[in-house]
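Colleague: One structure follows; several queries about it will come next.
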Amino acid sequence: MRIPRRQVHRLAGALALGVTLGGTLLPGAALAQSAWPSKPLRIVVPYSPGGSSDIIARTIAPHLEAVFKQTVLVENKPGANGNTGSDTVAKATDGHTLLLCDVGALAITPSVYKQLPFNPSKDLRGVSMLAYSPHLLVVHPSVPANNLRELVALSKKEKMNFAVTAQGSAPHLAGIAVEKATGADWAYIPYKGGAQALADTMAGQTQIVMNGMLATLPHVQSGKLKVLAVSKATRVAQLPQVPTIAEQGVAGFESGTWQGVLMPAGTPDAVVQKVATELQRIVQLPEVRDRLQSQGAEVHVMGPADLGRFYETERARWAKVVAQGGVSLD
């Protein structure tokens, strides 16, 4: 059948513009999406420089630049336990803004804060999980305790300050869980990120801190901090002599930081999948994997759907801990 010239021109125009007919995306729109990214990418890290998320963001940024042929900027935007930076990404409309954060901590947020400027479940969508780093329970070298039992006993005799990366953060709730399980007695001092919490503990202004192994291990290796326990289910290869928290009396205890990437909820599926594919490839490159593993982070990839399910499971899990600890922030 011969198609009238006018109809051919209309169809060609529709293909070029990428319009939809009957709910089906025509090739023009698919082609437009395949051209993504069309400008520099921004990775927002909602914590201070030097933490686990920041380390990973700066490790993968050059590789993203190489594959996407665009500048990749890493922007630290700390505040409100990561909510300031997360809100920035949730409201971004440029299509080129990513959030790299502790997904587990993000899952805690709805239970801790009475009011949020964004809804993590509705305003953000998972792209890819990248790595898991167990928490290390560390103290200033001057603290006369060499294991969890001795630390608990000491906390009942002396005033001890427990530095937390932020109120309501995963390390904060992990500290509460250990405190409740052991009968320890320490005061929580909130910071705006793991790097600052570590710095004050190394300076002796606080005595105890729990933080992701990726950012903490170098300070243990340098002797600036003393490690008492690992929050993983099993001991880690980098510290084979250090027992887990579970081994030291808190049965089944496990916590850590789960670094992942999210984008605004309105990001097209094709873009999300494109970014997810490259991120998972990059973190499994030998040089990237080896660097992360040498510092205690395990490469752990999940696609968009699995990351979404992980988020909801963690949200339900930590909601119980928040309720038990009575943690609530305005």
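The values are calculated or read from the model by the stated rules, or taken from the named source; none is laboratory data. What you see is a predicted model; the values in this text were computed from it and never measured. Note: ideal-geometry Cβ built from the backbone for every residue, glycine included; neighbour counts use all protein chains shown. The area values use the complete protein model at the heavy-atom level, side chains included, leaving out ligands, DNA and RNA. Shrake-Rupley method; radii C 1.70, N 1.55, O 1.52, S 1.80 Å.
Colleague: With respect to Val220, determine if the residue is open to solvent by less than 10 Å² (accessible area, probe 1.4 Å) and over 19 Å from Ser155 (Cα atoms).
Modeller: No.
Colleague: Sticking with this one: If the Cβ limit is 8 Å and pairs must be 6+ apart or interchain, which residue in region 58-82 that is at positive phi pairs with which residue that is open to solvent by 40 Å² or more (accessible area, probe 1.4 Å) and among the small types (Gly, Ala, Ser)?
Modeller: Close Cβ pairs satisfying both conditions: none exist.
Colleague: For the subset of region 253-303 comprising residues that are surrounded by fewer than 17 Cβ atoms within 10 Å (Cβ to Cβ) and of a type in the set (A, V, I, L, M), which member is farthest from His135 (Cα to Cα)?
Modeller: Ranking the candidates gives Ala270 first.
Colleague: Regarding Leu100, is this residue buried (at least 24 other Cβ atoms within 10 Å of the Cβ) and either in contact (Cβ under 8 Å) with a residue 24 or more places away in the chain or not in a helix (DSSP H, G or I) (or both)?
Modeller: yes
Colleague: Answer yes or no as to whether Gln167 is modelled with pLDDT of 95 or more, in contact with a strand residue (DSSP E or B) (Cβ under 9 Å, 6 or more places away or on another chain), of a type in the set (S, T, N, Q) and open to solvent by 30 Å² or more (accessible area, probe 1.4 Å).
Modeller: Taking the combined requirement at face value, the residue does not satisfy it.
Colleague: Which residue pairs have Cβ atoms closer than 9 Å, lie 6 or more positions apart in sequence or on different chains, and pair a first residue in region 21-48 that is in a strand (DSSP E or B) with a second residue that is at pLDDT below 85 and surrounded by 11 or more Cβ atoms within 10 Å (Cβ to Cβ)?
Modeller: Taking only residues 6 or more apart or on different chains, the pairs are Leu21/Ala14; Leu25/Gly18; Leu25/Val19; Leu25/Gln33.
The rows are residues; the columns are (1) over 18 Å from the mean Cα position of the chain (by Cα); (2) farther than 27 Å from Val230 by Cβ.
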{"residue": "Gly256", "(1), (2)": "no, no"}
{"residue": "Gly266", "(1), (2)": "yes, yes"}
{"residue": "Val271", "(1), (2)": "yes, yes"}
{"residue": "Val275", "(1), (2)": "no, yes"}
{"residue": "Gln284", "(1), (2)": "no, no"}
{"residue": "Ala305", "(1), (2)": "no, yes"}
{"residue": "Phe310", "(1), (2)": "no, no"}
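Colleague: Also: Which members of region 72-97 meet the condition of being among the β-branched types (Val, Ile, Thr), surrounded by fewer than 22 Cβ atoms within 10 Å (Cβ to Cβ) and under 15 Å from the mean Cα position of the chain (by Cα)?
Modeller: If the condition is that a residue be among the β-branched types (Val, Ile, Thr), surrounded by fewer than 22 Cβ atoms within 10 Å (Cβ to Cβ) and under 15 Å from the mean Cα position of the chain (by Cα), then Val74, Thr84 are the ones that fit.
Colleague: Only one residue in Ser142, Ser155 is open to solvent by less than 10 Å² (accessible area, probe 1.4 Å), on the phi < 0 side of the Ramachandran plot and of a type in the set (Ser, Thr, Tyr), so which one is that? Walk me through how you get there before you give the answer.
Modeller: Numbers: Ser142 fails: open to solvent by less than 10 Å² (accessible area, probe 1.4 Å).
Only one candidate qualifies: Ser155.
Colleague: Going by the conditions given, is Ala246 under 28 Å from Ala197 (Cα atoms), touching a Gly at 6+ places or on another chain (Cβ under 9 Å) and surrounded by fewer than 17 Cβ atoms within 10 Å (Cβ to Cβ)? If you could, list the steps in order and put the result at the bottom.
Modeller: Numbers: under 28 Å from Ala197 (Cα atoms): yes; touching a Gly at 6+ places or on another chain (Cβ under 9 Å): yes; surrounded by fewer than 17 Cβ atoms within 10 Å (Cβ to Cβ): no.
Judged against the criteria, Ala246 is not a match.
Colleague: Give region 148-164 a look and list any residue that's among the acidic types (Asp, Glu) and out of contact with any strand residue (DSSP E or B) (no Cβ under 9 Å at 6 or more places or on another chain), or say none.
Modeller: Glu158
Colleague: Check Val209, Val227 and return the single one that is within 22 Å of the chain's Cα centre (by Cα) and either of a type in the set (A, V, I, L, M, F, W, C) or open to solvent by 10 Å² or more (accessible area, probe 1.4 Å) (or both).
Modeller: Matching residue, one of Val209, Val227: Val209.
Colleague: Could you run through region 184-202 and say how many residues are closer than 12 Å to Ser155 by Cβ and either open to solvent by less than 40 Å² (accessible area, probe 1.4 Å) or hydrophobic (A, V, I, L, M, F, W, C) (or both)?
Modeller: The qualifying residues number 3.
Colleague: Restricting to strands (runs of 3 or more DSSP E) lying wholly in region 157-228: which have 3 or more residues that are out of contact with any helix residue (DSSP H, G or I) (no Cβ under 6 Å at 6 or more places or on another chain)?
Modeller: On the way: elements: 161-164, 187-190, 208-212.
Of the strands (runs of 3 or more DSSP E) lying wholly inside region 157-228, those with at least 3 residues that are out of contact with any helix residue (DSSP H, G or I) (no Cβ under 6 Å at 6 or more places or on another chain) span 187-190.
Colleague: Identify, from the list Leu262, Leu292, the residue that is part of a strand (DSSP E or B) and not small (Gly, Ala, Ser).
Modeller: Leu262
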